[in-house]
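First up is the structure itself, then whatever we jot down about it.
The values are calculated or read from the model by the stated rules, or taken from the named source; none is laboratory data. From a predicted model like this one, the values you see are computed outputs, not experimental measurements. Here the Cβ positions follow ideal geometry from the backbone for every residue, glycine too, while neighbour counts run over all protein chains shown. The area values use the complete protein model at the heavy-atom level, side chains included, leaving out ligands, DNA and RNA. Shrake-Rupley method; radii C 1.70, N 1.55, O 1.52, S 1.80 Å.
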Amino acid sequence: MNLKVKIGKLKFSNPVTVASGTFSYMKEYSSIAEIKKLGAVVAKTITLNAREGNPSPRIVETAAGMVNAIGIENRGADYFIETKLPELKKLGVPLVVSVSAKEDKELISLVKKLNKAKGIAAIELNLSCPNLKHKTLVAQDKYATYRVIKAVKKATKLPIIAKLSPNVTDIVLIAKSAERAGADALSLVNTFSAMVIDIDKRKSKIGNFTGGLSGPAIKPIAVKMVYDVAQTVKIPIIAMGGIMNADDALEFIIAGASMVAVGTANFVNPSAPKEILAGIKSYMKKNKIRDIKKLIGSIKKG
Amino acid sequence: MIKSQNTYKIISNKQVSEKFFHICIDAKSILKKIKPGQFVHVKIDDTLTPFLRRPFSIHRADSCLEILYEILGEGTKKLAKKKKGDSLDIIGPLGNNFSAPPEGTKNITIVTGGVGVAPFLALTDILKNKKYNITLLYGGRNSDYVFSLKSFLKNKCKVFISTDDGSVGVHGRVDKFFKNISFEDAFIYTCGPEPMIKEVQKFAVKNKIKGEASLEEVMACGIGACLGCATKTKDGFKLVCYDGPVFDLEKLDFNANGKCKCK
Ligand SMILES: Cc1cc2nc3c(=O)[nH]c(=O)nc-3n(C[C@H](O)[C@H](O)[C@H](O)COP(=O)(O)OP(=O)(O)OC[C@H]3O[C@@H](n4cnc5c(N)ncnc54)[C@H](O)[C@@H]3O)c2cc1C
Ligand SMILES: Cc1cc2nc3c(=O)[nH]c(=O)nc-3n(C[C@H](O)[C@H](O)[C@H](O)COP(=O)(O)O)c2cc1C
Ligand code: FES
């Protein structure tokens with residue numbers, strides 16, 4: 001059975017990875033042997049300088065999901081490269097580093113720092129985080145999307161994965177822009193802008209006032225977005241949005257995704273990525289599919 | 001992908017007051033690892049309601065894993081319906097633990113309210129064998145929140161109870177008892193509603209008494225991955241699930257605790 005997938009020149013042993021911000025490697029708790037089996041690992045988004053993050057409460061549970069406003073809390077690029085990177089490299093799984101910035105200049109300096117660090121397989125551009133105090137997001141503007149990706153491509157030889165926001169009128173337009181600018185792959189989707197109100201206090205239940213919805217609640221919308229984009233662009237898609245089990249993951253693959261990322265599910269069931277990989281294998285066996293590539297975008301119409 | 005995730009059988013699950021239940025779980029493999037103050041992260045069932053796990057302090061880790069819980073919403077209501085022999089998916093033990101009182105400590109005061117009392121049985125299981133005077137101050141909203149504190153008496157604690165409506169014990173809040181207690185060479189442990197911890201901090205700082213508080217924050221992962229349970233301290237944001245739940249009482253920063261300042 002062939003589970004290998006490719007993104008640009010990069011090869012991954014299987015299509016299962018984790019979504020940025022939902023996986024953290026903790027020696028005390030994690031079993032390295034199982035993490036090694038993943039196709040890739042995507043780290044939490046980093047910024048050039050440290051960010052404190054949003055006030056609490058940062059999360060609230062909703063029907064079949066959760067709303068979060070973490071605020072990209074991180075200790076900055078230098079700390080990441082010195083402290084986190086060596087540990088993540090040791091996992092022996094292709095490592096995708098997710099980056100974000102308020103300004104192009106900042107982003108380029110960040111990418112240049114990563115160029116010098118060893119052991120990074122690809123960079124994911126988080127163009128879509130809804131929690132920073134922007135007027136619009138880069139990923140909500142096809143021109144800005146083009147400009148930023150183009151600039152980053154110029155600054156690095158590492159493959160670039162553009163992570164898009166679902167909070168747009170037509171995600172296909174943005175995806176096309178990203179492809180034209182030279183993105184090697186797309187990550188679809190980030191969280192959906194959302195809020196939850198405490199009716200007794202008549203206040204938001206989120207410290208940042210608004211946040212982003214993730215989990216099974218968003219899955220059908222995410223599947224449609226992946227399908228629409230897969231019909232239009234040629235670059236591979238890494239899909240995410242409410243994947244809890246192998247069936248969910250298979251929906252995305254059949255809709256056109258080359259890889260699937262497990263996000264919120266990690267919080268509920270830390271074994272989800274492992275179980276999803278096993279489930280994809282047994283589905284392929286049952287349906288006599290020898291190569292995962294035969295499954296990608298295999299949706300039938302009519 | 002988690003070493004400390006496991007499924008265990010329930011040994012018993014009983015109501016101990018109008019609002020509180022007590023569950024015993026056959027988690028032999030982790031009992032010896034557990035330190036007082038740690039918590040477990042419980043998947044109530046395989047449905048999507050509740051969606052996330054629920055964190056509970058470890059009440060006692062002796063012959064089984066004990067949890068004392070308050071019926072609050074969907075998750076705890078479902079937990080209360082579980083029967084002997086049912087299984088529970090648990091991650092844990094998680095978080096840090098209460099530290100031993102500093103050398104020279106004579107008087108230990110535990111200030112708690114409601115289900116915040118939970119972690120202190122495990123703590124007094126250890127402290128009872130050392131030569132401390134232990135006082136437990138327990139505040140409840142009303143009689144629905146008062147359950148038998150016999151096990152604390154057995155652990156050589158002097159117990160004082162108050163309720164907001166005076167239905168059990170003294171009428172009013174637990175800080176009423178402060179004036180009757182010796183705080184010489186003292187150490188304070190506290191866990192409960194935030195306003196109570198805030199009062200305790202004020203009192204401790206004013207009287208130069210050291211102590212520790214166990215905090216609560218809404219959690220998703222429980223293992224330091226999502227950064228969702230951050231709480232503001234005088235040293236910046238700390239994760240309640242990973243850096244805590246136990247914090248130096250002095251270090252808590254209630255003014256800046258970021259409880260929604262937005263309109
Ligand atoms: C480290 C830690 C240890 C805990 N130990 C215990 C324990 O030993 N016994 C016990 O009964 N409870 C404990 N809790 C609280 C417990 O996790 C919540 O009561 C439980 O999650 C409620 O779930 P539910 O589905 O019944 O209620 P929900 O429907 O989730 O909530 C009902 C209401 O309670 C509020 N709420 C939910 N979770 C919390 C929370 N963590 N803190 C404050 N308010 C909350 C919600 O906003 C809502 O208004 C602990 C929490 C933490 C973080
Ligand atoms: C707590 C939390 C933190 C997240 N942090 C990031 C982040 O730092 N960068 C990013 O690109 N996406 C972040 N995301 C979005 C996820 O990577 C993912 O795109 C989204 O949650 C949808 O997938 P899911 O429903 O499987 O979680 C975060 C999501 C959650 C729930
Ligand atoms: S609950 Fe996820 S970091 Fe604490």
Counting DSSP beta bridges with both ends in the protein assembly as shown, the antiparallel % (nearest 5)
50 percent
Please report how far the C-alpha centroid of the stretch A:134-170 lies from that of the stretch B:18-53, rounded to the nearest whole angstrom.
43 Å
With the dipole of the stretch A:1-97 defined by +1 on each Lys or Arg Cβ and -1 on each Asp or Glu Cβ, the option from A:VAL16, A:SER30, A:THR47 whose Cα lies farthest towards the positive pole is A:VAL16
Exceeding 18 Å between C-alpha atoms, which entries from my cross-link table qualify? They are A:LYS44/B:LYS234; B:LYS176/B:LYS198; A:LYS6/A:LYS234; A:LYS219/B:LYS78; A:LYS84/A:LYS113; A:LYS11/A:LYS293.
A:LYS44/B:LYS234; A:LYS219/B:LYS78
Can you tally the net charge around A:ASP78? Count Lys and Arg as +1, Asp and Glu as -1, for every other residue whose Cβ sits under 12 Å from the Cβ of A:ASP78.
+3
Among B:LEU72, B:GLY140, B:PHE51, pick out the residue whose Cα is farthest towards the positive end of the charge dipole of the protein assembly as shown, where Lys and Arg carry +1 and Asp and Glu carry -1 on C-beta, about the Cα centre.
B:PHE51
The long-range amide H neighbours of B:GLY222, using H built 1.01 Å from N in the peptide plane and a cut-off of under 5 Å, are none
So what J values fall out for the stretch A:141-146 if you push phi through Karplus, 6.51 cos²θ - 1.76 cosθ + 1.60 with θ = phi - 60°, rounded to Hz, Gly and Pro as x?
9, 5, 6, 5, 4, 4
Report the accessible area of B:PHE178, computed with a 1.4 Å probe over the heavy atoms of all protein chains in place, in Å² rounded to the nearest 10.
20 Å²
Identify all lysines with a Cα-Cα distance to B:LYS130 below 17 Å; exclude those on the same chain that are fewer than 8 residues away in sequence.
B:LYS35, B:LYS106, B:LYS154, B:LYS156, B:LYS158
For a test of the definition: using alpha carbon positions, the gyration tensor, and the 1.5 limit on a/c, classify the protein assembly as shown as rounded, prolate or oblate.
prolate
Comparing the chain by itself with all protein chains present, which residues of the stretch A:192-225 are at least 40 Å² less accessible (probe 1.4 Å)?
A:LYS203, A:PHE209
Buried by partner chains in the stretch B:208-229 (accessible area down by at least 30 Å² vs chain alone, 1.4 Å probe, heavy atoms, protein only) are B:VAL218, B:ALA220, B:ILE223, B:ALA225, B:CYS226, B:LEU227, B:GLY228
Report, for chain A, the % of DSSP beta bridges that are antiparallel, rounded to 5.
40 percent
Work out the length of the dipole vector of chain A about its Cα centre, built from +1 on the beta-carbon of each Lys and Arg and -1 on the beta-carbon of each Asp and Glu, and round it to the nearest 20 debye.
1080 debye
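Give the accessible surface of the protein assembly as shown per residue, rounded to a whole number of Å², with probe radius 1.4 Å and ligands, DNA and RNA excluded.
Heavy-atom accessible area per residue stands at 44 Å².
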Between the stretch B:91-130 and the stretch A:203-225, what's the alpha-carbon centroid distance in Å?
39 Å
Here the residues of the stretch B:1-22 whose accessible area is at least 50 Å² smaller with all protein chains than in the chain alone (probe 1.4 Å) are B:MET1, B:LYS3
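Apply the Kirkwood formula to the stretch A:145-277: the hydrodynamic radius equals the inverse of the mean of 1/r over all pairs of different alpha-carbon atoms; give it in Å with one decimal. Present the calculation step by step, with values, prior to reporting the outcome.
On the way: mean 1/r = 0.0632 Å⁻¹.
For the stretch A:145-277, the Kirkwood estimate is 15.8 Å.
Where does the charge balance sit around A:LEU91 when Lys and Arg score +1, Asp and Glu -1, over other residues with C-beta under 12 Å from its C-beta? Before the final figure, lay out the partial values.
Working: positive: A:LYS27, A:LYS36, A:LYS37, A:LYS84, A:LYS89, A:LYS90; negative: A:GLU34, A:GLU87.
Net charge in that neighbourhood comes out at +4.
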Under 21 Å Cα-Cα from B:LYS82, which lysines qualify once same-chain neighbours fewer than 8 residues away are excluded?
B:LYS9, B:LYS14, B:LYS19, B:LYS28, B:LYS43
Rg (one decimal) and Dmax (whole number) from the Cα set of chain A, in Å, equal 18.2, 56
For Cα pairs less than 8 Å apart in space and 6+ apart in sequence, what is the mean separation divided by the residue count of chain B, i.e. the relative contact order in percent?
17 percent
Note to self, chain A gives a 222 nm [θ] from helices alone (DSSP H runs n ≥ 4, -39500 (n - 2.57) apiece, / all residues, nearest 500) of -8500 deg cm²/dmol
Suppose every Lys and Arg Cβ carries +1 and every Asp and Glu Cβ carries -1, with no other charges. What dipole size does the stretch A:1-123 come out with about its Cα centre, to the nearest 20 debye?
680 debye
Reported to the nearest 10 Å², A:GLU103 has, with a 1.4 Å probe, an accessible area equal to 110 Å²
Of the heavy-atom accessible surface of the protein assembly as shown (probe 1.4 angstrom), what whole percent is carbon and sulfur?
52 percent
In the A-B interface, the accessible area buried, summed over both sides, Å² (probe 1.4 Å):
3400 Å²
Using θ = phi - 60° and the Karplus relation 6.51 cos²θ - 1.76 cosθ + 1.60, list the HN-Hα couplings for the stretch B:233-245 in order, rounded to whole Hz, with x at every Gly or Pro.
10, 5, 9, x, 5, 10, 8, 5, 7, 10, 7, x, x
Which cross-chain or sequence-distant (5 or more) residues have an amide H under 5 Å from the amide H of B:ILE34, H modelled 1.01 Å from N in plane?
none
Of the beta bridges DSSP finds with both residues in chain B, what % are antiparallel, to the nearest 5?
55 percent
Name the shape class, rounded, prolate or oblate, that the alpha-carbon gyration tensor gives for the stretch A:34-91, where a ≥ b ≥ c are the square roots of its eigenvalues, rounded holds for a/c under 1.5, and otherwise prolate holds if a/b is larger than b/c and oblate otherwise.
oblate
Quick check: Cα centre of the stretch A:254-294 to Cα centre of the stretch A:49-98, how many Å?
24 Å
Name the most mobile residue of A:ARG290, A:ARG202, A:ARG147, meaning the one with the largest mean-square fluctuation, in a Gaussian network model of chain A with Cα contacts below 10 Å.
A:ARG202
What relative contact order, as a whole-number percentage, does the stretch B:128-248 give when Cα pairs under 8 Å and 6 or more residues apart are counted?
16 percent
³J(HN,Hα) computed for each position of the stretch A:175-183 - Karplus, 6.51 cos²θ - 1.76 cosθ + 1.60, integer Hz, glycine/proline x:
4, 5, 4, 5, 5, 4, 6, x, 4
With contacts defined as alpha carbon pairs under 8 Å and 6 or more residues apart, what's the relative contact order of the stretch B:40-196 in percent?
23 percent
What is the sum of charges, Lys and Arg at +1 and Asp and Glu at -1, for the other residues whose Cβ falls under 15 Å from the Cβ of B:LEU227?
+3
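Any idea what the dipole of the stretch B:41-167 comes to, in debye rounded to 20, about its Cα centre with Lys/Arg Cβ at +1 and Asp/Glu Cβ at -1?
My answer is approximately 420 debye.
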